[in-house]
Amino acid sequence: MPESRRIEAGVILQTSSPLGIVLASAVNYQVAGVWLAGSPESSWRYVFLAGLAPVILAFAVRLFIRESEHWTASSNVVAPPSPRELFRPNMLALTLSGFVVAVTALLTWWACNAFLPLLGGTLASEHAAQAGLTPTATRLLIEAWKAKASNAFNFGGLLGSLAAIPLARRLGRRPMFVAYFLYSAAALFATFGLDLEPQARLRMLYLVGAGVYGVFGTFSFYLPELFPARLRATGAGFCYNIGRVFAAVGPFIVGSISAASGGSRNRAIMVGDSETDIKTAQAAGVPVIAVDFGYADTPVRELGPDRVISHFDELMEACEAISLAGQWPEVARTRDQQEEVQTQACVATCWGARH
């Protein structure tokens with residue numbers, strides 16, 4: 001790739017991430033939500049099989065890819081690169097530069113993306129309550145808004161990635177990152193800090209995605225620029241992926257925030273289809289609903305879940321049964337409070353079961 005076109009090529013490459021997620025969501029909806037909507041016990045298998053298509057395409061494309069001339073020339077005259085070289089005095093500042101921007105972007109992305117389906121469902125529940133929708137209409141709206149939340153974030157990320165081309169050309173690298181991060185902070189504040197109607201907050205996810213996801217369009221050309229040709233793959237790979245180690249502490253942070261906000265495991269339900277899911281819930285003292293159409297080798301009824309369902313249409317009824325049986329110690333006893341708790345739990349667990 002000519003040096004003059006490296007930015008455009010890198011950004012186009014990165015757009016495959018948000019575009020791929022959108023396409024995967026469309027495949028999941030078409031297969032599991034339309035063609036095989038009545039067969040949840042097998043529909044997910046065909047969704048996974050659809051994943052073979054990009055694998056085959058990637059293998060075919062790989063046959064026609066040539067190695068970089070710079071890399072080929074350097075690899076023939078010097079020893080193979082070592083990760084230790086990234087921390088030598090002449091490379092340490094560059095490594096830290098790539099590390100800081102990548103970790104910041106990854107932590108922010110995971111903090112947003114992991115909760116998109118839950119956010120979409122929660123906003124749908126608020127809107128349904130305001131509109132006085134029936135339980136059936138509410139469940140349909142929840143499913144629709146969960147998809148809309150994810151698609152809004154991903155489409156915003158696609159546009160935000162493409163914005164890296166003019167930003168990098170006109171501003172340069174450092175001002176470009178400043179612009180992305182300041183914009184992301186403003187978008188997050190406006191989306192979650194302002195008093196907005198559920199529909200308006202849902203639409204704001206386009207703006208959040210443009211910054212939080214769009215910044216990733218810069219890494220495909222910025223990170224390799226930091227390092228000499230022989231270290232580009234090692235340096236870019238380290239800076240980009242080390243952030244995942246830090247992101248792994250996210251569940252502990254989320255748990256701490258939830259507890260500080262009045263959340264409790266006594267208002268949670270685990271929905272799963274494997275022995276690991278059931279034992280994890282039991283170890284945590286959380287009621288567990290098992291689905292009998294998953295991939296567990298052992299029949300889930302033998303693993304001792306609190307309830308077993310054979311279709312997602314039975315999920316709400318199972319949640320209500322657990323509530324009425326007193327397996328949620330902190331569930332309020334008034335009907336309105338009880339319905340509110342059941343709705344919140346089912347929004348969260350329905351997403352977990354389907355993903």
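For the range 266-282, what are the residues that are modelled with pLDDT under 85 and either surrounded by fewer than 14 Cβ atoms within 10 Å (Cβ to Cβ) or under 22 Å from the mean Cα position of the chain (by Cα) (or both)? If you could, list the steps in order and put the result at the bottom.
Going through the range 266-282, the residues modelled with pLDDT under 85 turn out to be 266-268.
Matches in the range 266-282: 266, 268.
Only residues that are of a type outside the set (A, V, I, L, M, F, W, C), within 17 Å of residue 101 (Cα to Cα) and exposed (fewer than 13 other Cβ atoms within 10 Å of the Cβ) were counted in the range 238-254, giving 1. Residue count for the range 292-314 under the criterion of being of a type in the set (A, V, I, L, M) and assigned to a loop (DSSP other than H, G, I, E, B): the result is 1. Taken together, the residues in the range 69-84 that are at pLDDT below 75, surrounded by 11 or more Cβ atoms within 10 Å (Cβ to Cβ) and either among the aliphatic types (A, V, I, L, M) or touching a helix residue (DSSP H, G or I) at 6+ places or on another chain (Cβ under 6 Å) (or both) amount to 5. Check whether at least one residue in the range 180-200 is among the acidic types (Asp, Glu) and outside any helix (DSSP H, G or I), and report yes or no. Scanning the range 180-200, I find at least one residue that is among the acidic types (Asp, Glu) and outside any helix (DSSP H, G or I), so the answer is yes.
From the list 42, 4, which residue is in contact (Cβ under 8 Å) with a residue 60 or more places away in the chain, exposed (fewer than 14 other Cβ atoms within 10 Å of the Cβ), at negative phi and in a helix (DSSP H, G or I)? Just a single option satisfies the conditions, and that option is 42.
Against the conditions (1) in a helix (DSSP H, G or I); (2) at pLDDT 70 or above; (3) surrounded by 15 or more Cβ atoms within 10 Å (Cβ to Cβ); (4) not small (Gly, Ala, Ser), residue 339 satisfies every one except (2). Out of all the residues in the range 211-244, which are assigned to a loop (DSSP other than H, G, I, E, B), of a type in the set (A, V, I, L, M, F, W, C) and within 15 Å of residue 160 (Cα to Cα)? Correct list: empty. What do you reckon, is residue 121 at pLDDT 85 or above and buried (at least 17 other Cβ atoms within 10 Å of the Cβ)? When the stated conditions are applied, residue 121 passes them. When residue 87 is tested against (1) over 30 Å from residue 235 (Cβ atoms); (2) touching a helix residue (DSSP H, G or I) at 6+ places or on another chain (Cβ under 7 Å); (3) without any contact (Cβ under 8 Å) to a residue 40 or more places away in the chain, just one condition goes unmet, and that condition is (1). In summary, residue 25 fulfils each of the numbered conditions (1) part of a helix (DSSP H, G or I); (2) without any contact (Cβ under 8 Å) to a residue 40 or more places away in the chain with the single exception of condition (2).
The values are calculated or read from the model by the stated rules, or taken from the named source; none is laboratory data. On a predicted model such as this, the values are computed, not experimentally measured, just so you know. A quick note on method: Cβ atoms are made from the backbone with ideal geometry, for glycine too, and the neighbour counts reach across all protein chains shown.
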